Amino acid sequence: MGQQAAALTAYGHALAIRQNLVVANPSITNLQLELATSHNNTGLLLRQTGDPRGALFAFGQALAIQQKLADANPSVTGFQEELALTHILIGVLLHRTGDLAGAWAAHGQALAIQQKLVAANPEVTYCKASPNPSMPLFLFWVKE
C-alpha cells in the first residue's frame, strides 16, 4: 500500500502541474488532453486501491475535458478515441461495482463513438484489441 500511496501523491503532483499548464495555455489542446490522461491514470490507480468513488470522480474529470475537446474539434479523431476510452473505463468500473445498467450505458456511449469513427473513416479497414489488460474492450483503429 505504501507504493500505491506514493504513486497517488505523485499523480496528484502531476495533476497540479498539468492543471497549471492548461490554465496558463488554454489554447493548447494537447495540454488539455494530457490533463485528462492524468485524471484517467489517477482513476485507474484509485480503482486498483479499492476506491471506486474516487476512481469514478477522476474518470468523470477526464470525461468532461475530453468531451469539450471532442465537441470543439470534431475532425480530430484522437479526441473521439480518448473520449470512447474513458467511457469504457467508466463502464468497466461500474460493472465491477455491480452497476450493470450504468456499465451498459457507458459501454454503449463508447460504442456509439467508435461506430461514428468507423463510418467517418472508411480508410480504417480493421482494428485490433488493446494489449493493455486494464482496458479489455478498447479498440485501436489501424490504417492499412
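Look at region 90-112: where a residue is crowded, with 19+ Cβ neighbours inside 10 Å and a partner is part of a helix (DSSP H, G or I) and among the β-branched types (Val, Ile, Thr), sitting 6+ places away or on another chain with Cβ atoms under 6 Å, you get Ala106/Ile90; Ala110/Ile88. Among residues of region 1-29 being surrounded by fewer than 12 Cβ atoms within 10 Å (Cβ to Cβ) and either in contact with a Phe, Trp or Tyr (Cβ under 6 Å, 6 or more places away or on another chain) or among the polar types (S, T, N, Q) (or both), the one that is farthest from Leu56 (Cα to Cα) is Ser27. If the condition is being without any contact (Cβ under 8 Å) to a residue 24 or more places away in the chain, of a type outside the set (A, V, I, L, M) and not in a helix (DSSP H, G or I), then region 1-56 contributes Asn25, Pro26, Ser27, Gly50, Asp51. Scan region 57-73 and give yes if some residue there is in a helix (DSSP H, G or I), crowded, with 19+ Cβ neighbours inside 10 Å and either on the phi > 0 side of the Ramachandran plot or modelled with pLDDT under 95 (or both), otherwise no. So far as region 57-73 goes, no, none of its residues is in a helix (DSSP H, G or I), crowded, with 19+ Cβ neighbours inside 10 Å and either on the phi > 0 side of the Ramachandran plot or modelled with pLDDT under 95 (or both). Within the option set Thr86, Thr42, Thr49, Thr77, being modelled with pLDDT under 95, under 23 Å from Ala14 (Cα atoms) and among the β-branched types (Val, Ile, Thr) holds for one residue only, Thr49.
The values are calculated or read from the model by the stated rules, or taken from the named source; none is laboratory data. In this text, all values refer to a predicted model and were calculated from it rather than measured experimentally. Virtual Cβ from ideal backbone geometry, glycine too; neighbours counted across all protein chains shown.
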